[in-house]
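Here the structure comes first, spelled out in structure tokens, and everything after it is commentary.
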Amino acid sequence: FKVLDRVSKFLITLNPNEIQRTNFKEKAKIKQDSGIGLLLNSQIFLIGGSRKSGALTSKAFLIDPLFETVKVFPDVPVSVKKGTILEFENWLYYIGGVSRLTKPNNDSIDCPAPFMRINGTLET
């Protein structure tokens with residue numbers, strides 16, 4: 001059984017006799033509030049999240065828990081946080097997240113993120 005802890009950036013593997021932790025801090029900029037989805041092939045897809053400054057990112061990563069690898073994908077068109085990624089017929093759909101809108105006076109407010117569709121063949 002494997003768990004991705006986005007706070008500590010560890011992939012935790014639980015076996016009957018041991019617990020292993022794989023550190024992903026250097027491999028990917030995993031954010032605590034990134035959008036996340038478990039794909040049909042048991043890989044984990046992450047989009048966006050908040051930087052320490054509070055700015056949102058548009059980074060996308062694919063984590064393979066079985067091989068403990070990270071694949072970096074091209075940025076998504078909008079910086080986002082939170083949300084869910086669903087897989088359907090060779091497409092990934094990002095829904096229910098939060099984006100940021102900058103008003104003319106340079107104040108920014110959180111607003112609903114746009115619905116996004118990503119090529120689900122998972123080839124870069």
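The number of residues in segment 32-45 that are within 16 Å of Asp64 (Cβ to Cβ) and either polar (S, T, N, Q) or in contact (Cβ under 8 Å) with a residue 24 or more places away in the chain (or both) comes to 9.
So in segment 97-110, with the set limited to residues that are open to solvent by 40 Å² or more (accessible area, probe 1.4 Å) and not in a loop (DSSP other than H, G, I, E, B), which one is modelled with the lowest pLDDT? So, considering only residues that are open to solvent by 40 Å² or more (accessible area, probe 1.4 Å) and not in a loop (DSSP other than H, G, I, E, B), the one modelled with the lowest pLDDT is Thr102.
Looking across segment 43-60, the residues that are part of a strand (DSSP E or B) and over 15 Å from Ile95 (Cα atoms) come down to Ile44, Ser50, Leu56, Thr57, Lys59. Hey, among the residues in segment 10-43 that are in contact with a Lys or Arg (Cβ under 7 Å, 6 or more places away or on another chain) and open to solvent by 50 Å² or more (accessible area, probe 1.4 Å), which one's farthest from Gly83 (Cα to Cα)? Checked segment 10-43; the qualifying residue farthest from Gly83 (Cα to Cα) is Asn23. The one condition from (1) closer than 14 Å to Ile118 by Cα; (2) in contact (Cβ under 8 Å) with a residue 24 or more places away in the chain; (3) assigned to a loop (DSSP other than H, G, I, E, B) that Lys27 does not meet is (1). For segment 69-96, the tally of residues that are among the acidic types (Asp, Glu) and either within 15 Å of the chain's Cα centre (by Cα) or at pLDDT 90 or above (or both) stands at 2.
The values are calculated or read from the model by the stated rules, or taken from the named source; none is laboratory data. On a predicted model such as this, the values are computed, not experimentally measured, just so you know. Using ideal geometry, Cβ is built from the backbone for each residue, glycine included, and neighbour counts are taken over all protein chains shown. Each accessible area value is taken on the protein alone, full model and side chains, heavy atoms only, with ligands, DNA and RNA left out. Shrake-Rupley method; radii C 1.70, N 1.55, O 1.52, S 1.80 Å.
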